[in-house]
Amino acid sequence: MKTDFKISPYLYLLPAFIMLWIFFFLPFFQTIVMSFYDYSVDFYSPSFTMFSNYSKILNSDVFLKSILNTFWFLILCVPALVILPLIVAILIDQKIKFKTGYKLIIYTPVVVSIVVVAIAFKWLYQPEGLLNYFFHKEIGYLTDPKIAMVSVAIVTIFKGIGYYMMIYLAALMSVPKELIEAAEIDGAGFIRKHLTVTIPHIMPVIALVSTISSISALKVFVEIYVMTKGGPLNSTKTIVYYIYEKAFENLDLGSASAACVILLILVMAFSAVNILCFERDKYKL
Amino acid sequence: MKHMKGFLIHLILISICIFCMLPFLWLLSTALKGAEENIFQYPPSLIPKFPTLNNFVKVLKLVPIVQYAINSTIVAAFTVILNLIFSSLAAYPLARMSFKGKNTAFFLILLTLTVPFQAIMLPVYIIVLKLNLVDSISDFGGYLGMILPFSVNAFGIFLLKQAFLKIPKEIEESAIIDGCNSFQIFYKILLPLIRPELSVLAIFTFVGSWGEFLWPSIILTKQNLFTLPVGINELQGAFSADYRLIASGSIVSIIPILLFFLILQKYFIKGTNEGAVKG
């Protein structure tokens, strides 16, 4: 009986750790190792080159541009994904009818595959499409290098609003009703009441939404793959798209792995901040 | 004043709902327009003049969308089953037992949360090739290659660990006195008590797997194994001249997941609140 409880913890953990070893830890170390090898001369017997992959990509305009593009994309998405879902959640949280209906409709884009969402927007963005008709303009949403990234970011925002709205709705339940009522008695209007009571109260959740939406912005890929393929003129090429192109189109695994390591460092830094600062309770740290 | 405020809130929310539906409605409208109707006409009309289902019939005849949906279901279903098994087994000792190395195990699992799949996918690809888990070897291998890399998820382990922690210690103690071993406690007593969290994990894993695009698009080579996102993206190349067919295929592809969502809506609302498990 006693021995059962001594050995068994490890037995229960074993299956998960076998899978994590094969599909997580092993590839994690291999990515780092591969970033020190050159695959471009002979793909099957790569040669050790220390940091040359890193100096190669850090000196390449395309890679630097994809880093800048990724952060530009982050700046476009994150404020919108922090603020818009919060406004929607506050509106739904009022004493109104059809709450569930609103929640379901606004959440729908979250469950639909990003591929379909991107195809739908690509159709709206057509030169002869609905948006150009609606605004009486001839904007090349996906063909003008200056605005292609904005068009992609709108798709990401569209897909994310419902998801972050649900997180905010859960947080709003914890705002004490007495505080809101006190603010009302003091004569605070709708907007003022929420700015002074609700928002300070759910600040930790606002911070959480900022970090998780930043992390997913750093990893953006599918929207770009479906809509622009990184173009026009590399204006929507992001880090993950760069990795994809280097690895699967140029078969330059060394450069791709070096880019992977840079992505790793960026994302892990954001995640560490997120877990240590905002999700301590969730993981009981 | 009060009525005015309520009216305004509904007005804003209805506009947001229209914004959320418009891309799909426009896609649906395009799919319903027949060959005699110009889909680029000015001014555009949302309601088709001569609505027809011909595009749907045509796209279903030309493209094996039903097969794609079956593939997506197989991949998502087995990803869910493996996640439930591996996550609940791993979460059990982390929540209910004390043992040497517990903190290390906990830290390693937490570490996996910080690493994006995109950054380690190249070696995963090589490993999957070496293990013959690709469709060029066998269909079975192809399915496994899509399922196994996503068979454990740290989010799942933490979600279930929290669930196990909520159960009072006394339940286990009395079971030990009754002579239950650790697996009986796990399987007969604790698992039934965390059924709500298991459903949340199952549903979010299913939606995540169903929508996954990058990984299957990298490893798949044979059309008969395509999942829906991969197959629908291919429509763009196949019917570049005819957006009606691309639109019809896209609309057909979202029907299963929309039904799934509507039937299980209460779990979606609850699940995002509980764990923020993102697909």
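Please treat every number below as a calculation from the coordinates, not as lab data. Since this is a predicted model, take the numbers as computed values, not measurements. Note that we place each Cβ from the backbone using ideal geometry, even for glycine, and neighbour counts take in every protein chain shown.
Per residue of A:80-93, other chain Cβ atoms within 10 Å of the residue Cβ number 1 on average.
Over all other residues within a Cβ to Cβ distance under 15 Å of residue A:234, the charged ones net out to +1, with Lys and Arg as +1 and Asp and Glu as -1.
If you average the sequence gap of Cα pairs under 8 Å that are 6 or more apart and divide by the length of chain A, what percent do you get for the contact order?
So the answer I get is 29 percent.
With the helix formula -39500 (n - 2.57) applied to DSSP H stretches of n ≥ 4, the protein assembly as shown reaches a computed 222 nm mean residue ellipticity of -22000 deg cm²/dmol.
Efficiency by 1/(1 + (r/R0)^6): what FRET value for residue A:10 and residue B:138, r their Cβ-Cβ distance, R0 = 41 Å, to the nearest 0.05? Result of the calculation: an efficiency of 0.75.
Could I have the simple spin-label model distance between residue B:238 and residue A:281, label points 7 Å from Cα toward Cβ, reported in nm to one decimal? So the label points at residue B:238 and residue A:281 sit 4.9 nm apart.
When a/c is below 1.5 the answer is rounded, else prolate if a/b is larger than b/c, else oblate, so apply that to chain B with a ≥ b ≥ c taken from the square roots of the Cα gyration tensor eigenvalues. It comes out oblate by the Cα gyration axes.
What FRET efficiency comes out for residue B:269 versus residue A:60 if R0 is 56 angstrom and r is the Cβ-Cβ distance? Round to the nearest 0.05. Each step should come with its number before you reach the end.
Working: r = 46 Å, r/R0 = 0.83.
FRET efficiency, residue B:269 to residue A:60: 0.75.
Each of residue B:131 and residue A:185 was given a label point 7 Å from its Cα along the Cα-to-Cβ line. The distance between the two points is 6.3 nm. Computed from backbone phi with θ = phi - 60° and the Karplus coefficients 6.51, -1.76 and 1.60, the 3J(HN,Hα) list for the range A:163-168 is 4, 6, 4, 5, 4, 5 Hz; x is used for glycine and proline.
Mean sequence separation of contacting Cα pairs (under 8 Å, at least six apart), scaled by the length of the range A:104-208, corresponds to a relative contact order of 24 percent.
Largest GNM mean-square fluctuation across A:155, A:117, A:273, computed for chain A with C-alpha springs under 10 Å, falls on A:273.
What longest range of chain A stays clear of loop-exposed GluC sites (Glu not before Pro) (DSSP non-H/G/I/E/B, at most 10 other C-beta within 10 angstrom)? No qualifying site falls inside A:1-137, the longest such stretch. GNM, chain B, Cα, under 10 Å: largest mean-square fluctuation among B:222, B:169, B:100? Of B:222, B:169, B:100, the Gaussian network model singles out B:100 as fluctuating most.
Local charge for residue B:58 was computed over the other residues whose Cβ lies under 11 Å away, with Lys and Arg +1 and Asp and Glu -1, and equals +1.
Could you work out the relative contact order of chain B, using alpha carbon pairs under 8 angstrom and six or more residues apart, expressed as a whole percent? RCO, chain B: 30 percent. Extending 7 Å from the Cα toward the beta-carbon at both residue B:191 and residue A:143 defines two label points whose distance is 5.8 nm. Taking all C-alpha pairs of the protein assembly as shown, those more than 32 Å from each other amount to 50 percent.
Assigning unit charges at the beta carbon (Lys, Arg +1; Asp, Glu -1) and nothing else, what dipole magnitude in debye, to the nearest 20, does chain B show about its Cα centre?
Values: 20 positive and 13 negative charges, 108 e Å.
With only Lys, Arg, Asp and Glu charged at Cβ, the dipole is about 520 debye.
For the set A:122/B:58; A:282/B:166; A:177/B:270, the pairs lying more than 18 angstrom apart at their alpha carbons are A:122/B:58; A:177/B:270.
Given the options A:252, A:61, A:42, state which has the largest fluctuation in a GNM of chain A using a 10 Å cut-off (strictly under) for Cα springs. In this elastic network of chain A, the residue with the biggest mean-square fluctuation among A:252, A:61, A:42 is A:42. May I ask for the distance between the Cα centers of the range A:12-54 and the range B:1-69, given as a whole number of Å? Centre-to-centre distance over Cα atoms comes out at 46 Å. Annotation: the residues A:194, B:3, sorted from fewest to most other C-beta atoms within 10 Å of their own C-beta, follow the order B:3, A:194.
Couplings 3J(HN,Hα) for the range A:240-252, derived from phi with the Karplus relation 6.51 cos²θ - 1.76 cosθ + 1.60 (θ = phi - 60°), are 5, 5, 4, 4, 4, 5, 4, 6, 9, 10, 9, 6, 9 Hz, where x marks Gly and Pro. For the pair the range A:149-207 / the range A:211-270, the C-alpha centres are spaced 32 Å from each other.
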